Amino acid sequence: MAGLLSRWFRATGFWGGRVMLRRFDRASQQAVVKNRQTLTAILTANADTEFGRTHGFAALSRDPSGAAYRDAVPLATYADFTEAITRMEHGETGVLTADELLFFALSSGTTGTTKLVPTTKRHHGFTFKYMGTVVQGVISNELHEPGPTERGVDLMHFAGEQQLSPGGVPVGSATAEAVRRMARIVPHLWNSPIDVYTLPHQPSARYLHALYGLHNRDNQFVEAVFAPRLLEWIREVVARWDELVHDVRHGTLTDTVDIPDDVRRKVLADNPARSARARELEAATAEGFEGFLTRIWPSMTHLMTITSGSFEVYVPALRRFVGDLPIYTPSYGATESFVGVGLWPDRPGHYVMATDPSYFEFIPTEHVDEAQPDTVDMQGVQEGASYELVVTNYAGLYRYRLGDVVRVVGRHGQAPIIEFLYRRGTQFDVTGEKTNEEHVANALTQLRERHAAMVLEDYTTTADPAASPPRYVVYLELDSTSDPIDADTLQQWAVDFDACLCRANPMVVEYREGGFLGQPRLAVVASGTFARLADLALEGERSPSRAQIKTPRRVDGEAQLALLEDAVVAST
């Protein structure tokens, strides 16, 4: 009976997703008006808050164009809301939002300290709406093959006791809080029970996701929020393959898994001995692990993870294990707002902007260094131009500068199609050259194309102002199976990377020729360094979940730099 219920639940989700996808398409045709209506709704709902009264939201809501709002309310950063958010932490209501707080979401802190972002039920609901319905509609239309819908492997994680603010408001990552609230439906979607998602020992959780997944021959997908977390899991599966197959064959659970006794008993009860499945798994990897995921799960239709922007660097390594299987990048968003949906699995990184999560404005990149630059809304963006995103959401952030820089690559109806370029905090401006995350990512992509033997696990950068002249340092972690790199090869990579970077950002050439900017230093670090860098980001009283951690593409912290430098095994 439970199996039938689960199958009905999944089928309903897929067919319902198609309906919601059609609604999204219709809204996109009128995106300009729809997004301005979202602003009107936000101003009306929050007119009687302290912030709303101060800025005259009641009157501003009567201007359907949004121009009066943009004139009356200044652009803001997180620092402008800190005092109000602190009061909300201590239990004050009606400060920024009229809605009751559901929780404070922890931002990932990629470009600085972790922020507490007010989150309400209405604000949080947009992530559910788009990930749970519209994205499922895309999967149903574009990736799902005829036949019954099946479970998959999901790698989210939300261990530990739920923290509370001084005023009693829950505090946690948006992803973790989302899974907490969908605990009852987890068994219908994914293999692992909710007990696995709450384990404090993450290596054990990852092992159990693999064990449950291997027992189910019919899995149709594997998903993680970000590509590095997915790749990390696949590598662990390969490294612990013999243990996993042994446990599948004998219905056992290795002693190396650190879990409470009650969870161990549940795992053993859920996963009895299956010798035939174990033989099948051994046969699937008899000749190695190249493309093995589709052999152990013949019904797989896709992987789902974010591979756009700088995450593209992980795609070649993923391809070694999945072959030509589609890797779908479903959405683009931030803790502060859901932003857009990837409608085309074969166009990773192109997102159609949603019209109802927030009111969106755009600052042309030539004006982002101004304190109060002019903005345009969806109507005013130009194809091919780049902008910093500004959001006004239902949870109390008004004209908030997100820091994300995007390029408009087209329109879907009236809705802008955007691609993420970089975070403003990752930009280098050592001497006026303005090298950003996109420039570095493009240079590394070209470098990999030149050197097939370069299998990159991860990378990050920093500035070295003590060098004369100042220079960039690029830390590279190579695939653990790569041969040790010799000095001549690394030097050639450095020369070629420099040439690629000069093409990506011609301003580098100007400052290099003027003697103001030195050639970059390439430093190869030991295998596992970036996993330790992620662990470092998890230290502290309030930190995001590991699933939420993104590799920072620029590091400046003393602890981060010390960890990287201590791990250097070769350098130019």
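What FRET efficiency comes out for A269 versus V238 if R0 is 35 angstrom and r is the Cβ-Cβ distance? Round to the nearest 0.05. Could the numbers behind the result be given before it?
Details: r = 27 Å, r/R0 = 0.78.
Efficiency computed from Cβ-Cβ geometry: 0.80.
What fraction, in whole percent, of alpha-carbon pairs in the stretch 190-325 exceed 26 Å separation?
21 percent
With equal scatterers on the alpha carbons only and no solvent term, can you work out the Debye log10 of I(q)/I(0) for the stretch 359-443 at 0.14 1/Å?
Each listed q corresponds, in turn, to -0.50.
Taking R0 as 35 Å, what FRET efficiency do you get between S468 and L164 from their Cβ-Cβ distance, rounded to the nearest 0.05?
About 0.10, to the nearest 0.05.
First measure r as the distance between the Cβ atoms of A76 and A499, then evaluate 1/(1 + (r/R0)^6) with R0 = 41 Å and state the FRET efficiency to the nearest 0.05.
On the way: r = 41 Å, r/R0 = 1.00.
After rounding to 0.05, the efficiency reads 0.50.
I need the phi-derived Karplus couplings for the stretch 505-516: 6.51 cos²θ - 1.76 cosθ + 1.60, θ = phi - 60°, integer Hz, Gly and Pro marked x.
Ordered by residue, 3J(HN,Hα) equals 9, x, 5, 4, 4, 4, 6, 5, 5, x, x, 9 Hz.
Mean 1/r over all different Cα pairs, inverted: what Kirkwood radius does the stretch 41-100 give, in Å?
Evaluated over the stretch 41-100, this radius sits at 12.1 Å.
At D25 and D369, where each label point lies 7 Å from the Cα along Cα→Cβ, what is the point-to-point distance in nanometres?
Using points 7 Å along Cα→Cβ, the separation is 4.5 nm.
What distance in nm separates the two pseudo spin-label positions at Q491 and S65, each 7 Å out from Cα along the beta-carbon direction?
Once both label points are built, they end up 6.4 nm from each other.
Given the peptides 330-340, 123-133, arrange them by the average over their residues of other C-beta atoms within 10 Å, most packed first.
330-340, 123-133
Given labels modelled 7 Å from the Cα in the Cβ direction, how far is it in nm from K121 to S527?
5.0 nm
Say the dipole of the chain comes from +1 at the beta carbon of Lys and Arg and -1 at that of Asp and Glu; which of P203, F24, T93 then lies farthest toward its positive end?
So the residue we want is F24.
Could you state, as a whole-number percent, how many of the C-alpha pairs of the stretch 338-390 are farther apart than 14 Å?
For the stretch 338-390, the share of Cα pairs beyond 14 Å comes to 58 percent.
With n ≥ 4 as the cut-off for DSSP H runs, can you work out [θ] at 222 nm for the chain, using -39500 (n - 2.57) per run divided by the number of residues, rounded to the nearest 500?
About -12000 deg cm²/dmol.
Report for the chain the percent antiparallel among DSSP-assigned beta bridges with both residues inside it, nearest 5. Before the final figure, lay out the partial values.
Details: 48 of 66 bridges.
The answer is about 75 percent antiparallel.
Along its principal axes, what span do the Cα atoms of the stretch 273-319 show, with the longest given first and each in whole Å?
43, 20, 16
Give the Rg/Rh ratio for the chain, taking Rg as the radius of gyration of the Cα atoms and Rh as the Kirkwood radius, to two decimals. Display every interim value, and only then the final one.
Details: Rg = 24.3 Å, Rh = 25.2 Å.
Looking at the chain, the ratio lands at 0.96.
Taking a quarter of the surface of the convex hull around the Cα atoms of the stretch 332-489, what do you get in nm²?
12.5 nm²
Cα-based Rg of the stretch 37-144 per 2.2 N^0.38 Å, rounded to two decimals?
Compactness ratio reported: 1.28.
For the stretch 280-361, how big is the tail of P(r) above 23 Å, as a whole percent of Cα pairs?
Of all Cα-Cα pairs in the stretch 280-361, 36 percent lie more than 23 Å apart.
Antiparallel as a % of all DSSP beta bridges within the stretch 427-571, to the nearest 5?
70 percent
Could you pull the Rg and Dmax for the stretch 418-486, using just the Cα atoms, both in Å?
Here Rg and the maximum Cα pair distance are 13.9, 41 Å.
Given Cα pairs under 8 Å that are at least 6 residues apart, what percent is the relative contact order of the stretch 363-497? All intermediate terms of the calculation are to be shown ahead of the outcome.
Values: 171 pairs, mean separation 17.7, N = 135.
Relative contact order here is 13 percent.
Debye sum, Cα scatterers, the stretch 427-571, no solvent: what log₁₀ I/I(0) at q = 0.08, 0.11 1/Å?
The computed values of log10 I(q)/I(0) come out as -0.22, -0.42.
Read-outs throughout are calculated quantities, based only on the coordinates presented, and are distinct from any laboratory measurement. Because the structure is a prediction, the values reported are computed rather than measured. Cβ coordinates were reconstructed from backbone atoms using ideal geometry, including for glycine residues, and neighbour counts include every protein chain displayed.
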